[in-house]
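Data first, discussion second: the structure below is written as structure tokens.
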Amino acid sequence: MSTKHIAVALDGPAGAGKSTLAKRLAEAFGYLYVDTGALYRTIGLYFIRKGFADNLPEHLDDWLPEIHLDLTYQNGEQRVLLCGEDVSEEIRTPLASRMASDVSAKPEVRAFLLQLQRDLAETHDVVMDGRDIGTVVLPNATVKIFLTASAEERANRRYRQLKEKGSTVSYEEVLADMKQRDYNDSHRAIAPLKPAEDSILADTTQRTAEESLSWLIDIVKGKIV
Ligand code: DC
């Protein structure tokens, strides 16, 4: 792995504010922001479209070569293309979230996405957000941050976002979903969600987004100078 480029690995559970913070952190340093969850979501969407929403096919390796994934950037926003089609919005549905979690537990899928993620870090300075960036994808990352917050606070933030978008989902449902996703992500056999030994733990439960951002900026500055 090249040491030429700077890599900030930002891992943590769903709803910790990773994507917002990773994006703003990348902007602050002029690095490329890579949302790796979008890649898993896109593979999930592919299988939904193929009619496998309830049960993934047995031999995923037969299907994966058909999946052409590309990341592009428009006005600093990451867009994800599935076989040339921009699916950046469609991968955000609750069904796509569930399928992303299902496909992300499959070793074939993780292996399929590994090189794509490493190639991006080989060729750019990146802030990469995910679950296993510091542990598996970029074990030599310049900075590893494990971003977390209590499940209640993360559910609360997600609930407010959903309500703003007009959703009628209850706080209890959001919390239950959050806990289920935490459980799935941290108990799968392959690349479970856990902090890398050399990661810096950043708990944002008591911090606003702005406070968290300046905290992360200081952490990164401390590592790159
Ligand atoms: O961060 P997100 O909610 O968009 O991620 C969607 C799913 O993909 C989530 O269940 C965890 C999984 N994921 C993963 O296993 N590894 C990553 N590097 C990123 C996401």
Please go through segment 198-225 and give me each residue that is within 18 Å of residue 158 (Cα to Cα), free of Cβ contacts under 8 Å to residues at least 60 places away in the same chain and open to solvent by less than 100 Å² (accessible area, probe 1.4 Å), ordered by number. 203, 205, 207, 208
Would you be able to say whether some residue in segment 95-103 is more than 10 Å from the ligand (Cβ to nearest atom) and either over 30 Å from residue 223 (Cβ atoms) or in contact with a strand residue (DSSP E or B) (Cβ under 7 Å, 6 or more places away or on another chain) (or both)? yes
Selection within segment 104-136 - of a type in the set (Val, Ile, Thr) and closer than 16 Å to residue 35 by Cβ: 126, 127, 133
Matching option when the condition is in a helix (DSSP H, G or I) and in contact (Cβ under 8 Å) with a residue 24 or more places away in the chain, among 46, 33, 73: 46
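Condition check ((1) modelled with pLDDT under 95; (2) open to solvent by 80 Å² or more (accessible area, probe 1.4 Å)) across all residues:
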site	(1), (2)
54	yes, yes
59	yes, yes
71	yes, no
75	yes, yes
80	no, no
83	no, no
98	yes, yes
102	yes, no
114	no, no
Only one of (1) buried (at least 22 other Cβ atoms within 10 Å of the Cβ); (2) more than 15 Å from the ligand (Cβ to nearest atom) is not met by residue 49, so which one is it? (1)
Long-range neighbours under 7 Å by Cβ, at least six apart or interchain, first residue over 11 Å from residue 6 (Cβ atoms) within segment 134-145, second charged (D, E, K, R): 134/11; 134/144; 135/194; 137/118; 144/198
Could you please give the count of residues in segment 154-183 that are touching a residue at least 24 places away in the same chain (Cβ under 8 Å), open to solvent by less than 60 Å² (accessible area, probe 1.4 Å) and not small (Gly, Ala, Ser)? 6
Please specify each residue of segment 187-197 satisfying the condition of being closer than 15 Å to residue 134 by Cα and open to solvent by 30 Å² or more (accessible area, probe 1.4 Å). 190, 192, 194, 195, 197
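The values are calculated or read from the model by the stated rules, or taken from the named source; none is laboratory data. Since the model is a prediction, treat every value here as computed from it, not as a measurement. We place every Cβ from the backbone using ideal geometry, glycine too, and count neighbours over all the protein chains shown. When the accessible area is computed, the model is the full protein with side chains, heavy atoms only, and any ligands, DNA or RNA have been set aside. Shrake-Rupley method; radii C 1.70, N 1.55, O 1.52, S 1.80 Å.
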